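K.L.:
Structure incoming, see below.
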Amino acid sequence: MSEPASILLSERRGHILILTINRPDRMNSISPDLSEALVQAFVEASADPDVRCVILTAVGDRAFCAGADLKARAAEDKAGKPFQPLLSRAERYVFEVVYETIKPTIAALNGPAVAGGFELALACDLRIAAEHVTLGLPEAKRGKGAHFANVMLPRVIPSAIAYEMLYLGEYISAEDGRRWGLVNRVVPKGQALEEALKMAEAICDNAPVSLRRMKETAIRSNGLPVPAALRLNEGISPYSSDDRVEGVAAFVEKRKPVWRGR
């Protein structure tokens, strides 16, 4: 049976889209329906010109996301239902969709982010963590794979630290995450979303054309040789945009720019 639409809450505050995972009874774990809802929401956010930044958070402070719903998976295993690898399914890979969203994304970690929940946070551009948050990948202890983290984590933090997290399956604190560059800011319990909103508002003060160009170029150039990366021409060019003309004029006239996103 499908879960209710309320498993993923959506709220707009100006140009900021707040997506809130709402499965607190299951530690905000990822069910097939939640995965589908996340994919749909992030795809729509990319296409919506009025959205300039996306915040992903969750209900409560017990967990941001505990990863895949293992109780549901255990029931499927018992029933003999074969496991479908994420990249072999008909629907898009949720972590890939979040990662490739062309708007800036912030994970507001209200509670622990582990396993697939950690990967969901890792797929976002920025991470704000409450001080009680723990982060980790216990997949090696569960016989699972952590495929997205295998690829992305060594690109985000020092490889030796990434391998330690992957191989040992042990959790780290929010402060250790900040020290290693995995977490941008650590805040008191209950303030992750508030801090993420402050950051999102500051992001939205900047030119949307420039933000989109920065995000798309950073994503598409990842892993490319420098000469090839420098020749990418992703999305709308800020150099020939109305936003560039407005930004220069506003600076000269000492006023706040009025962005058009084109």
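None of the figures in this text is laboratory data; all of them are computed from the coordinates on show. Just so we're clear, the structure is a prediction, and the values are computed from it rather than from any experiment. As a convention, Cβ positions derive from the backbone with ideal geometry for all residues, glycine included, and neighbour counts pool all protein chains shown.
K.L.:
Quick check: Cα centre of the range 10-52 to Cα centre of the range 135-156, how many Å?
P.N.:
23
K.L.:
The range 208-252: D in µm²/s via Stokes-Einstein (Kirkwood Rh, Cα pairs, 37 °C, 0.692 mPa s)?
P.N.:
Numbers: Rh = 11.4 Å.
It diffuses with D of about 287 µm²/s by this estimate.
K.L.:
In nm, to one decimal, how far is the GLN40 label point from the GLU253 one, both placed 7 Å along Cα→Cβ?
P.N.:
4.3
K.L.:
Using a 10 angstrom cutoff on alpha carbons, build the Gaussian network for the chain and name the most mobile of VAL186, VAL156, VAL54.
P.N.:
Checking each option, the largest mean-square fluctuation is seen for VAL156.
K.L.:
Run a plain Debye calculation on the range 13-55 (Cα atoms as equal point scatterers, no solvent) and give log10 I(q)/I(0) at q = 0.33 Å⁻¹, rounded to two decimals, same order as the q list.
P.N.:
One equal scatterer on each Cα of the range 13-55 leads to -1.13.
K.L.:
If each residue's Cβ is checked for other Cβ atoms within 10 Å, how do TRP180, TRP259 rank with the fewest at the top?
P.N.:
Going from sparsest to densest Cβ surroundings: TRP180, TRP259.
K.L.:
Arranged by the count of other C-beta atoms within 10 angstrom, fewest first, what order do ARG255, ARG92, ARG127 take?
P.N.:
Going from least to most buried by this count: ARG255, ARG92, ARG127.
K.L.:
Moving to a separate point now. Given the Cα-Cα distance of LYS141 and ARG244 and 0.36 nm per residue of separation, how much length would full extension add, in nm?
P.N.:
Between LYS141 and ARG244, full extension yields an extra 32.0 nm.
K.L.:
Further, regarding this structure: Mean separation of Cα pairs under 8 Å and 6+ residues apart, divided by the residue count of the chain: what relative contact order is that in percent?
P.N.:
Once normalised by length, the contact order is 16 percent.
K.L.:
222 nm [θ] for the chain, helices only, -39500 (n - 2.57) per DSSP H run of 4+, per residue, to 500?
P.N.:
Taking each H run of at least 4 residues, the total per residue is -12500 deg cm²/dmol.
K.L.:
For the range 116-262, just say rounded, prolate or oblate: build the C-alpha gyration tensor, square-root its eigenvalues into a ≥ b ≥ c, call rounded for a/c under 1.5, and beyond that prolate if a/b exceeds b/c, oblate if not.
P.N.:
oblate
K.L.:
A further question follows. Select from TYR167, TYR239, TYR93 the residue whose mean-square fluctuation is largest in a Gaussian network model of the chain (Cα-Cα springs shorter than 10 Å).
P.N.:
TYR239
K.L.:
Please list the radius of gyration and Dmax for the chain, considering alpha-carbon atoms only, with Å as the unit.
P.N.:
Calculated on Cα positions, Rg and Dmax stand at 19.1, 68 Å.
K.L.:
Counting other C-beta atoms within 10 Å, which of PHE251, PHE118, PHE148 has the fewest, and how do the rest follow?
P.N.:
Final ranking by Cβ density, sparse to dense: PHE251, PHE148, PHE118.
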